[in-house]
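Written below as structure tokens is the structure these notes are about.
The values are calculated or read from the model by the stated rules, or taken from the named source; none is laboratory data. Bear in mind that the values here come from a model prediction, so they are computed numbers and not experimental data. Ideal geometry is used to build each Cβ from the backbone, glycine not excepted, and the neighbour counts take in all protein chains shown.
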């Protein structure tokens with residue numbers, strides 16, 4: 001009986017670790033893609049796959065203690081590796097495969113204690129509540145329809161391609177100029193509602209309205225004014241011709 005119990009326990013452990021990344025493979029990937037910038041005490045070398053092959057003076061941060069969450073976000077979004085240090089990370093096709101990302105995340109997580117990858121559950125969130133929370137915390141940069149915007153020092157990206165996990169990670173780590181929101185500022189339950197709203201905003205119900213590319217209320221209002229002004233000018237010209245002919 002004990003032998004059977006031990007066998008079952010070992011099988012469960014192996015099954016649970018099957019989806020986890022391999023730290024040794026991750027270390028090799030780190031040396032290939034990350035160490036040229038993130039190695040301790042070596043922050044000015046720009047060489048590496050996908051980078052400009054010249055010396056760069058910007059400083060890359062240490063990854064000790066950042067945990068799996070930050071590594072997973074920056075790698076899964078294609079934000080890293082950067083072509084040139086100091087540039088704003090932009091969403092692109094990831095350089096690494098899903099398995100390689102898992103391995104590299106496992107290695108970065110092994111460098112020091114840090115936040116684990118979250119498990120958002122937007123299905124338990126409330127879209128209406130998420131709308132208000134997004135308006136309070138996020139719309140100032142990303143627009144109320146999550147189409148991105150402009151701020152000093154950066155360009156908040158549109159969220160149409162962001163997954164639920166990536167949204168949750170971004171809220172907690174605050175990439176680039178985005179502020180970091182702790183669980184005290186935005187609880188996990190509130191975060192689920194924000195994600196539920198963002199997912200809704202990707203494909204909103206436009207019945208009874210003109211979407212205009214979902215640019216947001218201010219650009220849509222400007223379009224309305226431009227159309228109204230054009231119609232007003234046309235009406236005045238038509239009225240003037242009739243008065244002149246009479």
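You will find that of 118, 158, the residue that is modelled with pLDDT of 95 or more, part of a loop (DSSP other than H, G, I, E, B) and out of contact with any strand residue (DSSP E or B) (no Cβ under 6 Å at 6 or more places or on another chain) is 118 and no other.
Filtered by the rule that a residue be outside any helix (DSSP H, G or I) and surrounded by 15 or more Cβ atoms within 10 Å (Cβ to Cβ), the stretch 132-153 gives 138, 143, 144, 145, 146, 147, 148, 149.
Restricted to the stretch 35-76, and to residues that are at positive phi and part of a loop (DSSP other than H, G, I, E, B), which residue is modelled with the highest pLDDT?
This residue is 65.
Within the stretch 96-113, the set of residues being under 17 Å from residue 166 (Cα atoms) and part of a loop (DSSP other than H, G, I, E, B) comprises 96, 97. Every test in (1) farther than 29 Å from residue 21 by Cβ; (2) part of a helix (DSSP H, G or I); (3) under 15 Å from the mean Cα position of the chain (by Cα) is passed by residue 170 save one, and that test is (1).
For the stretch 132-148, the set of residues classified as touching a residue at least 60 places away in the same chain (Cβ under 8 Å) and under 21 Å from residue 169 (Cβ atoms) consists of 133, 134, 143, 147, listed by residue number. Among the residues of the stretch 65-98, those identified as surrounded by fewer than 16 Cβ atoms within 10 Å (Cβ to Cβ), within 20 Å of residue 20 (Cα to Cα) and in contact (Cβ under 8 Å) with a residue 40 or more places away in the chain are 65, 95.
Considering every residue within the stretch 15-27, establish whether at least one is under 24 Å from residue 173 (Cα atoms) and at pLDDT below 85. Checked against the condition, which is being under 24 Å from residue 173 (Cα atoms) and at pLDDT below 85, the stretch 15-27 yields at least one hit.
When the stretch 150-161 is filtered for residues that are in contact with a helix residue (DSSP H, G or I) (Cβ under 7 Å, 6 or more places away or on another chain) and touching a residue at least 40 places away in the same chain (Cβ under 8 Å), the ones remaining, listed by number, are 159, 160.
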